[in-house]
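Structure first, then comments.
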Amino acid sequence: MLFDIAQVPFSRFGRFLTLSVMEGALCLRSVKGGDLRPSLGRLCRIGFTGPGGQTVTPQFTLTPDRLLAKAAGGHAEFCIGQGERLHLRGKGLGLRFDLEGSRYDYAYRTPEGDPCVVAAYENTRLMPRMTAGTVSVSGDWRRDRADNVAMVFSGADGFEGTIDLFTALAPPPAIQWFDQARAEVEGEFIHWLARTPKGGADAARRLAAYLLWANTVPAEGALTRPAIYMSKNHMINIWSWDNAFSALGVATMNPDLAFDQFGAIFDHQHASGLLPDFVNDRDVSFAFTKPPIHGWAILRLAEANTGFITDARRAALIPWLERQVGYWLTHARKDDQSLPAYFHGNDSGWDNASFFIEGGPVITPDLPTFLILTCDCLGRLHQDENQSLSWRNRADALLELLLTQLWDGTSFGTRLLADPACLRQDQSLIGFMPLLLGKRLPRDMAHALIDRVQTGGWLTPWGPATESPASPIYEADGYWRGPIWAPTTMLLWDGLRQQGEAGLADSIARHFLNLCETSGMAENFDALTGAGLRDRAFAWTSAVYLWLGASLIGAGAPDRDTG
C-alpha cells in the first residue's frame, strides 16, 4: 500500500500543519523551523480511546483529503481546512492530544472563555473549538509551567470540531463544517492531479502528485515564496539543488510554483554568488552550498515548455545564474587555469560519497559539467549576440580544462586539491556526469563512458547505484555510497539521451518507475533489493518519477542536445 500513514505524512498544499507517525505514534506537527530541531515540529501525540475509555490502536486509511482511523467499532476523521486549521470528528472513538512538553508550556482560557494550549518551545498556540461534543483541556501546574497538558475530544453521540495553530492571535472560528472542508481539499487535489503528466502506474503517479502537492509550504519568514520541502517527515527544508528537481516535477501543474522553487533559493543569494545550502521559514544556512545544476534544469524546462521562459523570468534568471557561475570561478578555484572544487561533500550534494573519502576540497567532473551547461543556458537566455558568444566561449574554456585535467583515457576522475598531481579513479557514479554535455563531449570519451557504465556493475535491476556494488566501500544503506537516488538516476538518464542512447536511457527509466511502484517515493533505495531507505515520502523522488514516466510515453522531457 503506497498511501501508508506510517511512511507518508498527511498534509495539504500550502500548509505547515501535518499529521505523521513518529516513534510509533500519530503526531500533530507544525513543520516550521527546519530539520535541525530535535522535535521536528512535533506538538502533540494523538491517542485513541474506545467506548469504555480504553486505549485502542486504530487502522488508518490515508487519502489526500482525509485521514480516517477505525477501531472498536468507532471511527475518527481528520481533514486540513483553511489556514493552519485541523478539522476533526468522530463517533465511538475519543481523541486525546498530549502536548509533547517543553519548558514553559501551559494552558489557559482566553477572556472569551476559549481554552488555549501553548507549546512554548515551538512558538505555537493551539485552540480547540467544538461544534458538537465536548473538549476538555487539562494540565498540572508546576510553578511556572504546566505538565501533562492534554486536549480530549469526546461525545456520546459523536463530536466535531477544529484545532487552530497560530503564533499570536487566534483566527476567527471556522465557517466550514468537516464535509465542506473535505470537499474543498478533494477538489483542489483533483485539479492538481488532472494537470499531472501521464505515465507510470496510476497508484504511484497519484502518490507522486500528492507528495509534491502536500510537501508545499507557504511563503513565510525567510521563505520568500511557496516552497516544496523535500518531505514533511524529517527533511523539512528547501535545499538548493533539490529545488531544481522539484521545479521539474511541478512545471506542468503550476509553472509559477516551479519558478518559485528557484526564487526561494536565489532570493537569498550572497553578493558573491554563493547559494545557501537550505532555507526554511526561520533559517538561511550558508554552512554548505549545493552543485550549480540550475542552468541544466532551466534548459530542460525550456525545452519541455517553450513558453516557460517569459521576459520577467529571463530578467531574473540572467543575474542569478551569472552570479552563481561567478562564485564558482572566482572563489572556488586558484586561477583561470584551474577547475573549481567542492570544499565538503555536502557542497557536492553527494554528502559522504567515495570521492570525499579523504576529505576535501575535491575537484570532480560534475562541477565543471554543470557550469558549462549553465554557461550554455546563459548563452541562450541572453538576447544580445555578443553576450551569448561570451558565455559560449566561457563554456569552451571550462570544457578544455575538464577534458585535459580529469580524463585519464578511460574515464573521468577526481583530484584532491591538496594532492593535485594524483588523478584518482573510484567507483562512484559521479564520473559519468559529463555525458550531460551532449555533442560537446568528444565521441571517443562518450563511447568509453557508455561502455563503462554498462559493464562496471552500476546498473542493477533497480537502477544506477551511486557506488558500484563491486566497490570495496559499497554499503547497502550507505547514503551516497551505494543506494539509488532519484536525482542521479535522472542525470544519468539525461546524459545518455544527450549521447543518443535513448534505448539505454529508457531502460533506466523503466527500472526506476518499477522501483518507485514497488517501494514508494523513498529518499533513496537499496540498489540490490530495491527496498526504500531513510525518509519514505520524498519530493524529488516524486518529481523524477513523474518526469521519467512522461518520457516513456513521449509526454514531455524531449530528447534534445544541449551543445
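The values are calculated or read from the model by the stated rules, or taken from the named source; none is laboratory data. Please read these numbers as outputs of a predicted model, since none were measured by experiment. Here the Cβ is made from the backbone with ideal geometry for all residues, glycine too, and neighbour counts use every protein chain on show.
This table checks each residue for (1) surrounded by fewer than 23 Cβ atoms within 10 Å (Cβ to Cβ); (2) without any contact (Cβ under 8 Å) to a residue 40 or more places away in the chain; (3) farther than 13 Å from Leu126 by Cβ.
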| residue | (1), (2), (3) |
| --- | --- |
| Leu68 | yes, yes, yes |
| Ala71 | yes, yes, yes |
| His75 | yes, yes, yes |
| Phe78 | no, no, yes |
| Gln82 | yes, no, yes |
| Arg89 | no, no, yes |
| Asp98 | yes, no, no |
| Arg103 | yes, no, yes |
Take Ala509 and decide whether it is touching an Asp or Glu at 6+ places or on another chain (Cβ under 9 Å) and among the hydrophobic types (A, V, I, L, M, F, W, C).
-> no
Go through (1) of a type in the set (Gly, Ala, Ser); (2) outside the structural domain of Phe266 (by TED's automatic domain parsing); (3) over 30 Å from Tyr108 (Cβ atoms); (4) surrounded by 17 or more Cβ atoms within 10 Å (Cβ to Cβ) one by one and return the number of the condition Ala247 breaks.
-> (2)
Would you pick out the residues in the stretch 436-456 that are in a loop (DSSP other than H, G, I, E, B) and at pLDDT 95 or above?
-> Leu441, Pro442
Identity of the residue in the stretch 424-435, part of a loop (DSSP other than H, G, I, E, B) and of a type outside the set (Asp, Glu), that ends up surrounded by the most Cβ atoms within 10 Å (Cβ to Cβ) = Gln427
Where in the stretch 323-423 are the helices (runs of 4 or more DSSP H), entirely inside, with at least 2 residues that are under 26 Å from the mean Cα position of the chain (by Cα)?
-> 345-348, 366-381
Which of the strands (runs of 3 or more DSSP E) contained wholly in the stretch 20-82 include at least 3 residues that are of a type in the set (A, V, I, L, M), farther than 25 Å from Asp147 by Cα and not assigned by TED's automatic domain parsing to the domain that holds Arg282?
-> 66-71
Residue list for the stretch 335-375, filter: surrounded by fewer than 21 Cβ atoms within 10 Å (Cβ to Cβ) and either among the acidic types (Asp, Glu) or farther than 22 Å from Leu401 by Cα (or both) = Asp335, Asp336, Asn346, Asp351, Asn352, Ile357, Glu358, Gly359
Taking the stretch 264-288 only, how many residues are outside any strand (DSSP E or B) and either small (Gly, Ala, Ser) or within 14 Å of Phe308 (Cα to Cα) (or both)?
-> 5
Could you say which residue among Asp277, Asp335 is closer than 28 Å to Asp477 by Cβ and among the charged types (D, E, K, R)?
-> Asp277
For the stretch 159-202, enumerate the residues that are among the acidic types (Asp, Glu) and either touching a Phe, Trp or Tyr at 6+ places or on another chain (Cβ under 8 Å) or touching a residue at least 12 places away in the same chain (Cβ under 8 Å) (or both).
-> Glu160, Asp164, Glu184, Glu186, Glu188
The condition of being hydrophobic (A, V, I, L, M, F, W, C) and touching a Leu at 6+ places or on another chain (Cβ under 6 Å) holds, among Leu40, Leu36, Leu28, only for Leu28
Pick out the one residue from Thr196, Thr216 that is among the β-branched types (Val, Ile, Thr) and more than 14 Å from the chain's Cα centre (by Cα).
-> Thr196
(1) of a type in the set (A, V, I, L, M); (2) buried (at least 18 other Cβ atoms within 10 Å of the Cβ); (3) within 30 Å of Ile473 (Cβ to Cβ) all hold for Leu378 apart from (3)
Inside the stretch 218-232, can you point out the residues that are touching a residue at least 60 places away in the same chain (Cβ under 8 Å) and within 11 Å of Ala539 (Cβ to Cβ)?
-> Ile228, Tyr229, Met230, Ser231, Lys232
For residues that are touching a Leu at 6+ places or on another chain (Cβ under 7 Å) and assigned to a loop (DSSP other than H, G, I, E, B), scanning just the stretch 221-263, find the one that is farthest from Leu321 (Cα to Cα).
-> His234
Can you pull out the residues in the stretch 267-292 that are more than 11 Å from Ile238 (Cβ to Cβ), surrounded by 23 or more Cβ atoms within 10 Å (Cβ to Cβ) and of a type in the set (A, V, I, L, M, F, W, C)?
-> Leu275
